[in-house]
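Just below is one structure, and these are the notes that go with it.
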Amino acid sequence: MSAQQPTPEFQDYQRAFTRHIRDPKQHPRPAGVTARRMKVYNDLLFNNVFNLISSCFPVAHSVLGKRKWRQLVREFFATHRCRSPYFRQVPEEFLQFMQQRDSGGREPDFLIYLLHYEWVELALDISTKEIDANAIDPTGDLVAGRPVLTPSHMLLSYPYAVHRIGKRYQPTPAQQEQTYLLVFRDREDTVRFVVLNPVSARLLALIEPGTLTGNQALAQVVEELQHPDPAVALAGGQAILEDLRKAGAFLGTFRPDRNSPIQPA
Amino acid sequence: MHDSALHGAGLGLRRELIPALTAGRPEVISFYEVAPENWMDMGGAKGKAFRALTERTPLVCHGLSLSLGGPTPLDEVFLRKLRSFLEAHRVPLYTEHLSYCSDDGHLYDLMPIPFTAEAVRYVAQRIRQTQEILERRIAVENASFYTKSPLDEMSELEFVTAVIDEADCWLHLDVNNVYVNSVNHRYDPREFLRGVPAERVVYIHMAGHYHESDDLLVDTHGAAVIDPVWELLDFTYQQIGVHPTLLERDFNIPPLENLVPEVARIASLQQRYLPDSAQNHVSTAANS
C-alpha cells in the first residue's frame, strides 16, 4: 500500500480489534462484534502474555502481589509494542518496558534489579554462545595462563542483594548493598549463581576479556588494593580461581597464540 | 540423514515430551512438528536435545508469528533466518496460519482476518512474498475463529479458497478447526470439507479443544480429540485423500504413552484409506 492510499477498510477493523484487546477500558470493541465472543479474544491474548511473563519472574510476582503484578502486565500489554517474534523473548520485552518506564515511586526501588536478576537465568539457559574447544587447554594453569570463562556467563553488579529478595526481605533504598554475582551455565547446562566479594568481582572483570594471565590480573588487583602482604593475596586469588574452575565457571586456559575464540552461533 | 519425504502420522514436539522421545521414538510417530519460533536461536541443553531428535526424524515447521494477515510489512529479517533454519533442519514443509497476530507489535495469538476481496488480495500477495524469500511453496492453515466481522463479503470457505488460489500455495487442513468453526459459526462441517480444494491439501492437523458451551468451542489443543472430530478425519480421508497428519497437543500435556494411542489411531485410519499397503508419500519442496 502506498502512503497516499487510504487504509483498507478491513485493516481499520483489525486495528480497532487489537486496540480493544490491548486496552478494553479505553477502546470499545469494534461495532458489530458480540461481547461474549470478543471476550474470548480479550482473555486468550492477555492471559497468554501474562503467563509468558509471570513464569519468568516468580519472585517479583510474589513480592508485588497478584493485583499489582497484574496491573503492571496490563500496562505493558496496553502500551508496549513487542518487536520479537519469539515467545520466549516476551520476558525480555517486559524487562525493557520496565527499565524505560518512569515508575514514579509506585513500585519498590529494587524492582527493576530484581526483574533483571530473574531474567538472567532464562537468558543464560538458552544462550547460543559457543566456544572453540580446540582453543582451550582444560588443565591449563589458571595463574600462568589466560583463564577462559564459559561463554554463557554474566558478571553482574546490583545496588541491592537481589538474590535474597523475597516476601520477607524487601530492602528500602537505605538498605542498598552493592552485590556482585557471577551467573553461568555449567558443562551440564545448568545455570549457576555465585555471589562474589568485591575483590573477586574485580579479578573476574580483569580476566573476562581474555587478554590477561591469572597472574597479571592478580597482580593488578593486589596493586589496586595496596595489599600489605602480596604473597597472601596472590595465594588467596589463586584459590578463588581454582574453586571457580571446579564449579564449572572456567573451562581452562587459552592455548598460546589464540585470540578471542568466542563466536556467536 | 533421513528421507525428506513426509508420510504417516506425526506428533507435535513439545519440550515436556523431549526426555521420553529422546529415550525412544514410538514407531508409529513418523515425523515431528514444531513452531520454528520456539527453536530458532535456541542454545543450551534444550537446543542440543532438539538437534539430536531432528537429526533422526523428519520435522515439519508450523509457524506462529509471521502474521500473514497483519497490517505492517512482513518481517524479512525473520523470514531470512527462518529460511536458514528450515534448510539446517532439512524441513520438508513449512505452514502458517491464515490469520494475523500483530498490529504495530506482536500479540502472540491468532486473530481472524475479515473475509473481504481486498483482504484476499492483500494476504495472497504476502504469501507470495513469503514464498519468494523462503524459495519454496508454503501451506496455509484454515484458522479457528470466534468473532465474525461485519465486513465479511464471503464465507470462510470462499475466503480460504480464494487466498490459496491467488497465492498459488498449499492448504494445511486443520480438521479440528473445521469442527470448532462449524459449531461456533453454525455450518455443516461435511459440506465445508466437500468444498475444500482437495488438490491443494498437503497436510492435516488433528487436536482437541475446550468446550465452553454448546455454541462456543475454544481451540486450545489442551484435551484429547473428541469422537465427532475423529469422524470428520475419516470423512476427510474419504473425500480428500490421505495426507501426513499431525496430532497437536500444546496444553495439559500428558505423558508420551497417553498421546501415542491417538497418533496410532490416525495411522490406522490412514491405512484404511490407502489404495494399497504402501505408505502415502508426499514429496514436498525440501530441495527446491
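Let me spell it out: the conditions are (1) free of Cβ contacts under 8 Å to residues at least 24 places away in the same chain; (2) among the small types (Gly, Ala, Ser); (3) under 29 Å from residue B:47 (Cβ atoms), and residue A:174 meets all of them except one. Which number is the exception?
In the conditions (1) free of Cβ contacts under 8 Å to residues at least 24 places away in the same chain; (2) among the small types (Gly, Ala, Ser); (3) under 29 Å from residue B:47 (Cβ atoms), residue A:174 misses (3) alone.
Can you spot a residue in the stretch A:21-41 that is touching a strand residue (DSSP E or B) at 6+ places or on another chain (Cβ under 6 Å) and either within 19 Å of residue A:83 (Cα to Cα) or not acidic (Asp, Glu) (or both)?
The answer is no, given that none of the residues of the stretch A:21-41 is touching a strand residue (DSSP E or B) at 6+ places or on another chain (Cβ under 6 Å) and either within 19 Å of residue A:83 (Cα to Cα) or not acidic (Asp, Glu) (or both).
Provide a single number: the residues in the stretch B:18-73 that are within 14 Å of chain A (Cβ to nearest Cβ), acidic (Asp, Glu) and surrounded by 17 or more Cβ atoms within 10 Å (Cβ to Cβ).
Residues meeting the conditions: 1.
When only residues in the stretch B:100-144 that are polar (S, T, N, Q) and part of a loop (DSSP other than H, G, I, E, B) count, which is farthest from the other protein chains (Cβ to nearest Cβ)?
Looking at the filtered set, the residue picked out is B:142.
Please find, among A:108, A:30, A:85, the residue that is in a loop (DSSP other than H, G, I, E, B), closer than 29 Å to residue B:118 by Cα, of a type outside the set (S, T, N, Q) and within 33 Å of the chain's Cα centre (by Cα).
After applying the criteria, what remains is A:85.
Just checking, which of B:196, B:175, B:140, B:123 is among the aliphatic types (A, V, I, L, M) and farther than 30 Å from residue B:264 by Cα?
Among B:196, B:175, B:140, B:123, only B:123 is among the aliphatic types (A, V, I, L, M) and farther than 30 Å from residue B:264 by Cα.
All but one of (1) within 28 Å of residue B:15 (Cα to Cα); (2) aliphatic (A, V, I, L, M); (3) at pLDDT 95 or above hold for residue B:216, so report the exception by its number.
(1)
Which of the residues spanning the stretch B:55-82 are touching a residue at least 40 places away in the same chain (Cβ under 8 Å), outside any strand (DSSP E or B) and touching a strand residue (DSSP E or B) at 6+ places or on another chain (Cβ under 9 Å)?
Residues satisfying the conditions are B:57, B:58, B:64, B:65, B:66, B:68, B:69, B:82.
Going through A:152, A:157, A:103 one at a time, which residue ends up being of a type in the set (Gly, Ala, Ser) and within 14 Å of another protein chain (Cβ to nearest Cβ)?
Of A:152, A:157, A:103, the one residue that is of a type in the set (Gly, Ala, Ser) and within 14 Å of another protein chain (Cβ to nearest Cβ) is A:152.
Against the condition surrounded by fewer than 17 Cβ atoms within 10 Å (Cβ to Cβ) and under 30 Å from residue A:161 (Cβ atoms), how does residue A:65 come out, does it pass?
Yes, satisfied.
The values are calculated or read from the model by the stated rules, or taken from the named source; none is laboratory data. All of these numbers come straight from a predicted model, not from anything done at the bench. Cβ sites come from the backbone with ideal geometry, for glycine too, and all protein chains shown count toward neighbours.
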